[in-house]
1. Please determine, by comparing only the residues of the stretch 536-575 that are small (Gly, Ala, Ser) and more than 18 Å from Gln354 (Cα to Cα), which one is nearest to the chain's Cα centre (by Cα).
2. Is at least one residue of the stretch 500-508 at pLDDT 90 or above, touching a strand residue (DSSP E or B) at 6+ places or on another chain (Cβ under 6 Å) and not hydroxyl-bearing (Ser, Thr, Tyr)?
3. Of the residues Ser118, Ser139, which is in a helix (DSSP H, G or I), of a type in the set (Ser, Thr, Tyr) and under 30 Å from Met399 (Cα atoms)?
4. Scan Leu90, Leu63 and give me the residue that is in a helix (DSSP H, G or I) and farther than 30 Å from Gln297 by Cα.
5. Find all pairs meeting these conditions: Cβ atoms under 7 angstrom apart; at least six residues apart or on different chains; first residue within the stretch 396-414 and touching a residue at least 24 places away in the same chain (Cβ under 8 Å); second residue more than 15 Å from the ligand (Cβ to nearest atom) and hydroxyl-bearing (Ser, Thr, Tyr).
6. Filtering the stretch 586-596 down to residues that are of a type in the set (S, T, N, Q) and out of contact with any Lys or Arg (no Cβ under 9 Å at 6 or more places or on another chain), which residue is surrounded by the fewest Cβ atoms within 10 Å (Cβ to Cβ)?
7. Can you say whether Val70 is modelled with pLDDT of 90 or more and in a helix (DSSP H, G or I), as far as the supplied structure shows?
Amino acid sequence: MWNSTKNSGKLFLLIYKTNKGQFFASSFLHILQGLVPFFSLIVMQNLLNAISSTMINGVDIVLIPFAVFVLLYLAKLVINSGQTFVEGNLENSLAKSLNIMICQKSTQLGLADYENSSINDQLKRASQEAGFRPYQLYSQLAGIASSLITVISSSTWLFLWKWWTVPIILVVSLASLYSLFKINKQQFEIYMERTPYYRQSWYLTYLLTNDRAVKEVKIFQLSSYLLNRYSGLLEGFYKVDKKMLGKLTKYTLVYNLVELAVMLWLVWLVIKETLRNTLMIGSLYGYIQAIMLTQSQVQSIMRNLLQFSQNHLYMEQLFLFIDLPTSDPLMRSSEQSNELGMIADKRSSFSIEQLELRNVSFQYLGQEKQVLNNVSLTFNKGETVAIVGKNGSGKTTLMKILMQLYDDFNGNILVNGHNIKEYNLMNYQKKIGAVFQDFVHYEMSVRQNIGFGSLEQMDQDDIILDAAKYASIDQVIRTLPQGLDTQLGKWFEDGQQLSGGQWQRLAIARAFMRNADLYILDEPSAFLDPVAERDLLELFLDLMKDKIGIFITHRLSSARLAHRIIVMEDGKVIEQGTHEALLQRNGAYAEMYQIQAKSFSDESSREEVYQS
Ligand code: ADP
């Protein structure tokens, strides 16, 4: 009860803030709506009584009640049209504000939050419901208020006639409320348990309808398997829903039957009084109408209360999501700097000259395994470093920690000799250009794909084209129909599709677009052929003269270009040094290199055999 009052309060505040004018207009119209049925009853009763007494008093006596009757119906028309307009607008503006609020909140979540399935569930629930639930909740509350006004006025009318009719109607209506509330709660629980399955079904539709997945779905003939899983999930939802609906129908049917019997009995009482000639025909109409109004409005209050209790639980989820604490180091650091007031400005103008990791260890939330284990490393300006190691050895994680996408690591990271936590994270991250392994294909223009690296310079063609040149994608751009403003991808109209390597070059250009101090390339070899990778890395080395450049690679022929090579295994740095020094050491690197070199020499001898 307390929670629902609190959430309703929050909701009203939100609506009030969204649009004050519409909020007041809507409240006013709801009050009028509540009064209209009672006034209609009175006006109609007077009109009928006037008609029945025309025999004695002449026709003129009907004119005034009829004029009032006409005025009332005109007023009703105006109120209804006004309400349609105001409510429609209120609903749209509320959905707009909430959708923006949810997206805003999503931007404040950290990488770790996105990797947390229960937060993903919450996000899905919130974004799915935002468009309509809050407005439903508001209109139910407003509907309850309107119906209450009607019930109070019409039951007063009844009360003055026979007071005991009112408690009878109320008791009958309230009796069934408890069991209906229980069904409601069950429905909500089902909904909550279902969210992960909803997400699964959403993912299956995504696989079945998305152009990125379609190639594999077709070639591995996954369609019927995926479709079966999808229909299995939907079938499960349907069966549970059907059972609940059956239960609900049973309860409401019994409840409606009892209510109907009581109402008919009361109507019969009124008819009996009329037959005994104690009531005029208008009053007969008035009391029957008052009985029916009270009963129907109490029913409507109950229906609204029920739906309200359901929607309020969904609303609670929405507010819980909005209030969710974030794992994003950026948000935490800005909260912290607000609290401490000084950190934000302490080191605002700096360039990253040196990065030092001291005994850095890290494990992912909810995982036992240490993904990084006591890593100590230094990176200096002017140096290009290659990181090599088997899959899963922790290379990418190390980069994510360097970028401060996670900040709950143990040990210390020093930037220019000072603890990284002393820096404003926004300023720090501005100095990093990165190409992720799973970089994004923005289904937007070339300009946006590159310009996102430095939003302020997005309209400067020469800077964008320079970045494109560094990533060797400038020639391709020149052949596109609208040059920099060509739409890319296939999701939207007139999109030009690029190859995997070309998309990756765009991602590289995006990183170069930024005037950063630290550049990180995570496996540029993923989409590039060996020659292209080599060309890129040679250029990278050249560009990194007064920067720190780090690249992760599996090709040791590329790694050897770097000033220093770091070898990782099981979250530890097991070797580091130049290519020559590591070969001399005859350790893990030398072994990997020999394996790769052998496969190359095997290839070339095979080629010789083919050629001969
Ligand atoms: P590499 O880049 O060397 O291939 P990663 O840093 O990607 O290795 O992964 C190191 C280990 O951390 C792997 O065992 C992987 O399963 C685990 N891991 C990577 N990302 C996550 C994550 N987001 N949540 C949990 N575990 C992860």
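1. This residue is Gly571.
2. Checked against the condition, which is being at pLDDT 90 or above, touching a strand residue (DSSP E or B) at 6+ places or on another chain (Cβ under 6 Å) and not hydroxyl-bearing (Ser, Thr, Tyr), the stretch 500-508 yields at least one hit.
3. Ser118
4. The unique qualifying residue is Leu63.
5. So the pair list comes out as Gln404/Tyr428.
6. Asn586
7. For Val70, the condition - modelled with pLDDT of 90 or more and in a helix (DSSP H, G or I) - is met.
Here's the yes/no breakdown for (1) outside any loop (DSSP other than H, G, I, E, B); (2) not basic (Lys, Arg):
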position: Asp241; (1), (2): yes, yes
position: Thr249; (1), (2): yes, yes
position: Leu253; (1), (2): yes, yes
position: Leu257; (1), (2): yes, yes
position: Ala261; (1), (2): yes, yes
position: Trp265; (1), (2): yes, yes
position: Trp268; (1), (2): yes, yes
position: Lys272; (1), (2): yes, no
position: Thr278; (1), (2): no, yes
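The values are calculated or read from the model by the stated rules, or taken from the named source; none is laboratory data. Computed from a predicted structure; not experimentally measured. All Cβ positions, glycine included, derive from the backbone under ideal geometry; neighbour counts span all protein chains shown.
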